[in-house]
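S.K.: Dumping the structure here so I can ask a few things about it.
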Amino acid sequence: MAENTTGALTDLIERLRRNEPGARRALLDRACGRLRRLASVILHGSFPALERRHSVDSIVHETWLRLVGALEQTQPPTLPDFFRLAAHKIRQVLLDLVEKERRLNARERPLDPAGSQGAPEPGTRTYDPARLALWTEFHNKVTELPDDQRTIFELHYYLDMPQTEIAAALGLHPRKVSYLWMAATETLGEIAG
């Protein structure tokens, strides 16, 4: 069975549930490629201000560490449950980095001797606070979606899983997956609108 199929990943989940040696490492190794693609898309698309201080590899590394810790505490019963856990950890890493960046920028901002805070010179701004706030709100709102919509959204958006693979993994008709995806994006789109 090919390493990248839903069946192979499901087998790794079953091995993990049976506490087989090496199953957790094999599952995380397999997930690393998806985590890297996902981190790249989200970093460049949603959090470009973080690119100055953080690489895709640093985001993947932190997500990996959090997943290792989480998998020591819990064993996801299904492949979709594993991907939901991974999506949650990616969101935590990105939102934590936003908060760290906000605190760092607040510390680095020079004080105006007259006591007023002027706008930074164009080209010296390290981030756009409005855009950062919008994306932070967006990623926080994902957790408020109804369970079925959130599952589809996390698997497709955060883990770059094709809708056909999601349908197979969840035992849903592809049209149902498409419907749930559209409902989730419509709800989340209201934030950006």
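Just so it is clear, none of the values below were taken in a lab; they were calculated from the coordinates. Fair warning: this is a prediction, and the values are worked out from it, not measured in the lab. Cβ atoms come from the backbone with ideal geometry, glycine included; neighbour counts cover every protein chain shown.
S.K.: Compute the distance in nm between two label points, each set 7 Å from the Cα along the Cα-to-Cβ direction, one at Asp160 and one at Thr185.
M.R.: 1.7
S.K.: Output needed for region 1-79: three equivalent-ellipsoid semi-axes, defined as square roots of 5 times the C-alpha gyration tensor eigenvalues, in descending order, whole Å.
M.R.: The equivalent ellipsoid of region 1-79 has semi-axes of 27, 14, 9 Å.
S.K.: Once phi is turned into ³J(HN,Hα) by the Karplus curve 6.51 cos²θ - 1.76 cosθ + 1.60 with θ = phi - 60°, what whole-Hz value does each residue of region 41-49 show in order, with x for glycine and proline?
M.R.: Each residue of region 41-49 in turn: 4, 6, 4, 6, x, 9, 9, x, 5 Hz.
S.K.: Quote to one decimal, in nm, the extra length available between Arg103 and Ala70 on full extension: 0.36 nm per residue of separation minus the C-alpha distance between them.
M.R.: 9.2 nm
S.K.: Sort the following peptides by mean Cβ neighbour count (other Cβ atoms within 10 Å, averaged over residues), highest first: 149-157, 135-143, 59-67.
M.R.: The packing order, highest mean first, is 149-157, 59-67, 135-143.
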